[in-house]
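Novice: There's a structure below that I have some questions on.
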Amino acid sequence: MQIKKYSPLFIFFIAVSLYDCHQNKEAPAADPAEGESGTPVTLTSVTHGPMKETIELNATSAFQLKTLIKANATGYLQSVNTQLGKYINKGQEIFTIKTKEAEAIGNVINKLDSSFQFSGLIHIKAPGSGFVTTLNYRAGDYVQDGEALAEISDRNSFAFILDLPYELKPYLNKNKDVKLRLADGTVLSGKVASIMPSADLVSQTQQIVIKVNTQQEIPENLIAKITLTKESKSNTNSLPKEAILADEVQSEFWVMKLIDSTTAVKVRIEKGLENEGQVEIRSPAFSLNDQILLTGNYGLPDTAKVVVVHQ
């Protein structure tokens with residue numbers, strides 16, 4: 001029996017063919033879904049309801065009226081009946097002064113008649129109620145007539161001063177009653193009491209005096225946050241700020257709207273009110289069922305393939 005001889009090249013091709021067939025049998029069938037591609041995105045929808053646009057400004061606490069207590073004679077301070085930070089009432093005796101002349105006359109009178117009990121003291125009383133914010137002398141010091149001995153910050157003059165940019169003054173009429181938020185979280189009710197008749201030359205701000213209704217002791221120079229309402233509407237359609245896209249000069253705005261399960265298109269919008277997290281959509285009139293891209297929308301073309309990621 002004659003055995004056929006095959007060339008090495010022929011045997012190589014047969015081996016390669018058998019290997020490929022074996023590999024094709026073991027390879028699993030391709031999943032059609034794996035061939036899909038697109039930008040991963042998340043979705044949001046229009047919120048319907050009231051909305052307002054606000055602006056937050058700083059106001060500083062201050063005592064508007066500060067009264068100086070002055071010496072009304074030249075002499076030595078015999079007593080100082082107060083201390084820094086202490087609250088004093090109107091008419092309360094704060095200082096006593098004894099002049100050199102009173103000292104000399106008193107010695108003569110006492111020698112003539114010790115029962116006369118001449119003291120020669122001059123009593124200085126508080127002209128108003130408030131806190132002692134400055135105290136310049138202590139008992140035993142020599143003072144001149146007219147020198148400022150202490151300063152009282154009038155409690156009734158306490159207020160918060162708001163430096164309002166002049167361009168925001170038209171909004172003041174609808175913000176006569178305001179809320180002030182302190183650093184510790186305390187919220188105070190305030191009311192616009194007066195408007196200063198001058199503006200700062202550099203910053204072009206006008207000082208607004210806001211009186212607060214509280215018995216809490218609030219220090220001077222404390223900064224509070226005030227929120228002013230610029231405009232409010234009771235019935236609006238709005239979207240989260242993250243869903244709004246814009247050109248480089250902020251002249252054109254749009255959103256990416258999902259029109260089917262994998263396609264998003266560019267829709268130009270007209271903005272309205274804005275607050276911390278939402279933007280009013282004046283046009284077009286989106287329905288509550290419209291699906292708008294929330295994340296993954298930046299840089300997408302007019303028509304883009306997307307893959308919705310459910311969060």
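The values are calculated or read from the model by the stated rules, or taken from the named source; none is laboratory data. What you are looking at is a predicted structure, and each value in this text was computed from that prediction instead of being measured. Ideal geometry is used to build each Cβ from the backbone, glycine not excepted, and the neighbour counts take in all protein chains shown. Note: accessible area is taken over every heavy atom of the protein model, side chains too, but ligands, DNA and RNA are not part of it. Shrake-Rupley method; radii C 1.70, N 1.55, O 1.52, S 1.80 Å.
Novice: In the list 44, 54, which residue meets the criterion of being of a type outside the set (A, V, I, L, M), closer than 30 Å to residue 278 by Cβ and either at pLDDT 90 or above or touching a Phe, Trp or Tyr at 6+ places or on another chain (Cβ under 8 Å) (or both)?
Specialist: On the way: 54 fails: either at pLDDT 90 or above or touching a Phe, Trp or Tyr at 6+ places or on another chain (Cβ under 8 Å) (or both).
Of 44, 54, the one residue that is of a type outside the set (A, V, I, L, M), closer than 30 Å to residue 278 by Cβ and either at pLDDT 90 or above or touching a Phe, Trp or Tyr at 6+ places or on another chain (Cβ under 8 Å) (or both) is 44.
Novice: Another question, then. Being farther than 30 Å from residue 183 by Cβ, at pLDDT below 90, out of contact with any strand residue (DSSP E or B) (no Cβ under 8 Å at 6 or more places or on another chain) and not in a loop (DSSP other than H, G, I, E, B) is the requirement here; does residue 29 meet it?
Specialist: Here the answer is no, as residue 29 does not meet what is asked.
Novice: To continue, here is another question. For region 195-218, which positions are in a strand (DSSP E or B) and either open to solvent by less than 50 Å² (accessible area, probe 1.4 Å) or aromatic (Phe, Trp, Tyr) (or both)?
Specialist: Residues satisfying the conditions are 205, 206, 208, 209, 210, 212.
The rows are residues; the columns are (1) within 30 Å of residue 186 (Cα to Cα); (2) modelled with pLDDT under 95; (3) of a type outside the set (D, E, K, R).
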position	(1), (2), (3)
223	yes, no, yes
230	yes, yes, no
234	yes, yes, yes
250	no, yes, yes
255	no, no, yes
262	no, yes, yes
271	no, yes, no
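Novice: Residues of region 166-179 being part of a strand (DSSP E or B) and open to solvent by 30 Å² or more (accessible area, probe 1.4 Å), which ones?
Specialist: Within region 166-179, 177, 179 meet the criteria.
Novice: Please specify each residue of region 136-165 satisfying the condition of being over 22 Å from residue 188 (Cα atoms), of a type outside the set (D, E, K, R), open to solvent by less than 60 Å² (accessible area, probe 1.4 Å) and in a strand (DSSP E or B).
Specialist: 143, 148, 149, 150, 152, 165 - these are the residues of region 136-165 that are over 22 Å from residue 188 (Cα atoms), of a type outside the set (D, E, K, R), open to solvent by less than 60 Å² (accessible area, probe 1.4 Å) and in a strand (DSSP E or B).
Novice: Looking at region 194-252 only, could you name the residues that are over 21 Å from the mean Cα position of the chain (by Cα), in contact (Cβ under 8 Å) with a residue 24 or more places away in the chain and over 20 Å from residue 63 (Cα atoms)?
Specialist: Passing the criteria: 233, 234, 235, 236, 237, 238, 239, 242, 243, 244, 245.
Novice: Counting only residues that are touching a strand residue (DSSP E or B) at 6+ places or on another chain (Cβ under 6 Å) and over 19 Å from residue 45 (Cβ atoms), which one in region 234-274 is surrounded by the fewest Cβ atoms within 10 Å (Cβ to Cβ)?
Specialist: 234
Novice: Next question, about the same structure. For region 68-80, give me each residue that is farther than 18 Å from residue 120 by Cα and surrounded by fewer than 17 Cβ atoms within 10 Å (Cβ to Cβ).
Specialist: 68, 70, listed by residue number.
Novice: Please determine, by comparing only the residues of region 44-67 that are within 16 Å of the chain's Cα centre (by Cα) and polar (S, T, N, Q), which one is most open to solvent (accessible area, probe 1.4 Å). Steps first, please.
Specialist: The first filter runs over region 44-67 and keeps only residues within 16 Å of the chain's Cα centre (by Cα), leaving 53-61.
Now narrow it down to the ones that are polar (S, T, N, Q): 54, 58, 60-61.
On the way: 54: 52, 58: 76, 60: 52, 61: 1 Å².
Top of the filtered list is 58.
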